[in-house]
Structure formats: structure tokens, C-alpha cells
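**Q** Let me begin by handing over the structure; questions about it come next.
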Amino acid sequence: MNGQIRGAEALVRWPHPTLGYVSPDRFIPLAEASGLIHPLGKFVIEDACRRLVLWNKAGLTPGRIAVNVSPLQLMRSDFAAEVQQAILESGIEAAQLEMEITERVVLNFDEIAKRMTELAAMGIRFAVDDFGTGYASLQHLHRLPISTLKIDRSFIQRLCESSRSYPIVKAIIELAHSLKMQVIAEGVEDEDQLLLLRELKCDCIQGFLLSRPLPPEDIEDLLRN
């Protein structure tokens, strides 16, 4: 962790006329149940590629953009082809795109392994989001083309206060490094957490200590500065 911006994450928000911004925790399950997750996911990937093109041309690339992917998307036989088309049409490097999956996806190993392997062969990276809160099999974790583990914010929030959280975070970082994976700590909000994560040799952080979620134009200002 040297203070450089290593990447950005594409976050979907639903602006509702009376409810304000609706959390993805509420509308993503509905999108999955209704089948709308497929066009929504396709739009997010295509928009992330378009943003990368604009930032690349302006010399403002954040490195890569991470996009959250539903297990239902990975189970589609045409998903890899759709992603490849978005990459080719935009002209970005595939390595600039990272797909974030949950431990729930890792459990569906037989159904998603082929799709993940196809995408990884293009150069796309994979990260496991909210790691430590699900039931990922270490056997499957080792066999899938995963580059990054993202430690769930619940562990980071208690890092400086709980004697139980510290060894868990330490163990996750050591596990990831032994598997040649990078580690990102989610939800970092203060300097004390940052100091402990540096001590534990965590690779990257994300959270309010660095920035709150921003619209694309504000990210451009952040990259310029």
C-alpha cells in the first residue's frame, strides 16, 4: 500500500423517486428472481468498458475496474462471448476488467468453473468479494482462476477492537499470499485500521478513508489529483 490508486469498482445504484437511492442488497435479488439480472449485468460491463476507454484516452486510467457478477450470469453459456464482445468493441485490454464474485459462486464450482476459465484465458481477473462470511471450499478456491480475496468489512470494522478479528484477518492474508493471490481489505475507515493492515502486509484497501462512492465525473477529478 503506497498511496497509489490501483483500481475502481463499478457500483449499481437505483435512484427511486420516493425512496431515494435503493441499495443493491434490495434490488439485486429481485433482478435475479425476475431474470433482469442478465440485461442489467450486461449494461454494467459495457458501461465499465466505455468508462475505461474515456479514462485511457485522457491518461487517467485507474488501473482496472471491478464489476460484480451474479452466479446466474456465470451460468449462462453465452456469458463469456458477451464479455469478449464488449471488450473487443470498446478496445480496452481485458486485464483492465476484474469480475467480483461471492463465495456463493465458488460453491457452484461445477457450473461456473468452465465459464471462469474461459474469461481468465482472455486476461480477465477474478476477485472473491466479502471473503470470510460465506462457505467457500478451499479446494475449489485453489482450482479456480482467482487473483484476489477481498476481506469482508465486518472483520475490518472490528480489527482494532476485537482480539478475535485480528487473527482472522491475519490468517486470510497469509492464506491468500500462500495461494499467490492479492488481498484487499474492504471498509477501511480510519488510520488505525490502515496501520494494522500495513503491519499484516495487506496489499490494498478500499473504504471511506480513501473515498466515498463517487459518480464517474468525480472519479476523473480524483484521478487527476
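**Q** Could we say that CYS204 is among the hydrophobic types (A, V, I, L, M, F, W, C), exposed (fewer than 15 other Cβ atoms within 10 Å of the Cβ) and at negative phi here?
**A** no
**Q** With the requirement that a residue be under 24 Å from ILE184 (Cβ atoms) and at pLDDT 90 or above, what does the range 57-70 give you?
**A** Taking the range 57-70 first, the residues under 24 Å from ILE184 (Cβ atoms) are 60-70.
Across the range 57-70, the qualifying residues are ARG64, ILE65, ALA66, VAL67, ASN68, VAL69, SER70.
**Q** LEU97 is checked against (1) surrounded by 14 or more Cβ atoms within 10 Å (Cβ to Cβ); (2) within 22 Å of GLY134 (Cβ to Cβ) and fails just one. What number does that condition carry?
**A** With (1) surrounded by 14 or more Cβ atoms within 10 Å (Cβ to Cβ); (2) within 22 Å of GLY134 (Cβ to Cβ) applied to LEU97, the lone miss is (2).
**Q** Scan the range 46-76 for residues that are assigned to a helix (DSSP H, G or I) and not hydrophobic (A, V, I, L, M, F, W, C) and jot them down.
**A** So the first thing to find is which residues in the range 46-76 are assigned to a helix (DSSP H, G or I), and the list is 46-57, 71-74.
GLU46, ASP47, ARG50, ARG51, ASN56, LYS57, PRO71, GLN73 - these are the residues of the range 46-76 that are assigned to a helix (DSSP H, G or I) and not hydrophobic (A, V, I, L, M, F, W, C).
**Q** Please work out which residue is surrounded by the fewest Cβ atoms within 10 Å (Cβ to Cβ), limiting yourself to the range 32-62 and to residues that are free of Cβ contacts under 8 Å to residues at least 24 places away in the same chain and under 23 Å from GLU82 (Cβ atoms).
**A** Taking the candidates together, the pick is SER34.
**Q** Which one of these does ALA120 not meet: (1) surrounded by fewer than 16 Cβ atoms within 10 Å (Cβ to Cβ); (2) among the aliphatic types (A, V, I, L, M); (3) within 18 Å of the chain's Cα centre (by Cα)?
**A** So ALA120 meets the others, but not (1).
**Q** Next question. Answer yes if at least one residue in the range 66-89 is in contact with a Cys (Cβ under 8 Å, 6 or more places away or on another chain) and within 18 Å of LEU223 (Cβ to Cβ), and no otherwise.
**A** There is no residue in the range 66-89 that is in contact with a Cys (Cβ under 8 Å, 6 or more places away or on another chain) and within 18 Å of LEU223 (Cβ to Cβ).
**Q** Tally up the residues in the range 123-144 that are at pLDDT below 95 and either over 14 Å from the mean Cα position of the chain (by Cα) or exposed (fewer than 15 other Cβ atoms within 10 Å of the Cβ) (or both), please.
**A** Residues of the range 123-144 that are at pLDDT below 95, as a first pass: 128-144.
Restricting the remaining residues to those that are either over 14 Å from the mean Cα position of the chain (by Cα) or exposed (fewer than 15 other Cβ atoms within 10 Å of the Cβ) (or both) gives 132-144.
Residues that pass the stated criteria total 13.
**Q** Among the numbered conditions (1) among the acidic types (Asp, Glu); (2) over 20 Å from ALA185 (Cβ atoms); (3) in contact (Cβ under 8 Å) with a residue 60 or more places away in the chain, tell me where ASP78 comes up short.
**A** (3)
**Q** Six or more apart or on different chains, Cβ under 7 Å: which pairs go from a residue in the range 1-24 that's free of Cβ contacts under 8 Å to residues at least 60 places away in the same chain and assigned to a helix (DSSP H, G or I) to one that's surrounded by 13 or more Cβ atoms within 10 Å (Cβ to Cβ) and among the hydrophobic types (A, V, I, L, M, F, W, C)? Could you list them?
**A** Listed pairs, sorted by first residue: PRO24/VAL12.
The values are calculated or read from the model by the stated rules, or taken from the named source; none is laboratory data. Predicted, not measured: the structure shown is a model, and the values here were computed from it. Methodologically, a virtual Cβ is constructed for each residue, glycine included, from the backbone with ideal geometry; neighbour enumeration extends over all protein chains shown.
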